[in-house]
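The values are calculated or read from the model by the stated rules, or taken from the named source; none is laboratory data. What you see is a predicted model, and the numbers here were worked out from it, not measured in a lab. Neighbour counts are summed over all protein chains in view; Cβ atoms, including those assigned to glycine, are modelled from backbone coordinates with ideal geometry. Calculation scope for accessible area: heavy atoms of the full protein, side chains included, ligands and nucleic acids excluded. Shrake-Rupley method; radii C 1.70, N 1.55, O 1.52, S 1.80 Å.
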Amino acid sequence: MTAAAVEPTEKAEIPFNKQPRDWRKAGVIVAFSAIPVALLVIFTYWPFGSMIGYSFYKMKYIGPRQFVGLQNYIDVFTRPDTLSSLKLSLYYMVGALIQVALALYLSTMLAFKVRGGSAFKAIYFFPYLINGIAVGFIFKFFFTHGFVLDTLLSWVGFNVDKLPFWLRDESINNVVLVACSIWKYIGQNIVMFIGAIASVDPVLYEAAEIDGANAWHRFKDIIL
């Protein structure tokens, strides 16, 4: 009697969503995230929630507080100076959008091999390292009437006497300050965008180029 040869059967592969959970990994993740999440809740969300609760009261330095409901919000949004301050904040909101768009455009070019790319990265990032007080002094003299900017404009044909007071004229001084903010902080966004773009697999760019995608399609469909 001969024994029949039995072929070993292959072990069925368990689907990923049916595999047993590794509770040790989950425990490590929870342990490492518990402290930062607790700090975020204690020092950000809890004070924010308390601030919302206090907004419904008439607060006093001494004595009990008085519940006034929505009266504080009515008083704030019916004051003319509140609306003017919100209007000023629109300058900086638009400036932030311009800063992000410009940083994304520059980082898209600098993320790939560009002649002098390292030098340009350093030039763009250097203003972010300058102290804010120093930046204020730099632009104070730069925009002072008759100083650096006016001198440069006079070289290209502008009449210095007809140029505006960049920091005194209320119609343009917020635009000037927004431009200074863009100059200082755009380097930080460029560095973050370059890091994100560099993390994309280069094979995707090569495959897209072989398929006939131009630079705009590679930016829109891969980078963005």
Just wondering, is there one or more residues in segment 72-83 that are free of Cβ contacts under 8 Å to residues at least 24 places away in the same chain, open to solvent by less than 80 Å² (accessible area, probe 1.4 Å) and within 27 Å of the chain's Cα centre (by Cα)? yes
Hey, among 114, 135, which residue is assigned to a helix (DSSP H, G or I) and either surrounded by 11 or more Cβ atoms within 10 Å (Cβ to Cβ) or without any contact (Cβ under 8 Å) to a residue 40 or more places away in the chain (or both)? 135
Tally time: how many residues in segment 30-65 are modelled with pLDDT under 90 and surrounded by fewer than 10 Cβ atoms within 10 Å (Cβ to Cβ)? 6
Being small (Gly, Ala, Ser) and at pLDDT 90 or above is the filter; apply it to segment 88-118 and report the residue that is farthest from residue 189 (Cα to Cα). 95
One residue is enough: does segment 87-102 have a residue meeting the conditions in contact with a Gly (Cβ under 8 Å, 6 or more places away or on another chain) and touching a residue at least 24 places away in the same chain (Cβ under 8 Å)? no
How many of the residues in segment 167-199 are open to solvent by less than 70 Å² (accessible area, probe 1.4 Å), within 20 Å of the chain's Cα centre (by Cα) and free of Cβ contacts under 8 Å to residues at least 60 places away in the same chain? 4
Residues of segment 60-106 being touching a Lys or Arg at 6+ places or on another chain (Cβ under 9 Å) and part of a helix (DSSP H, G or I), which ones? 71, 72
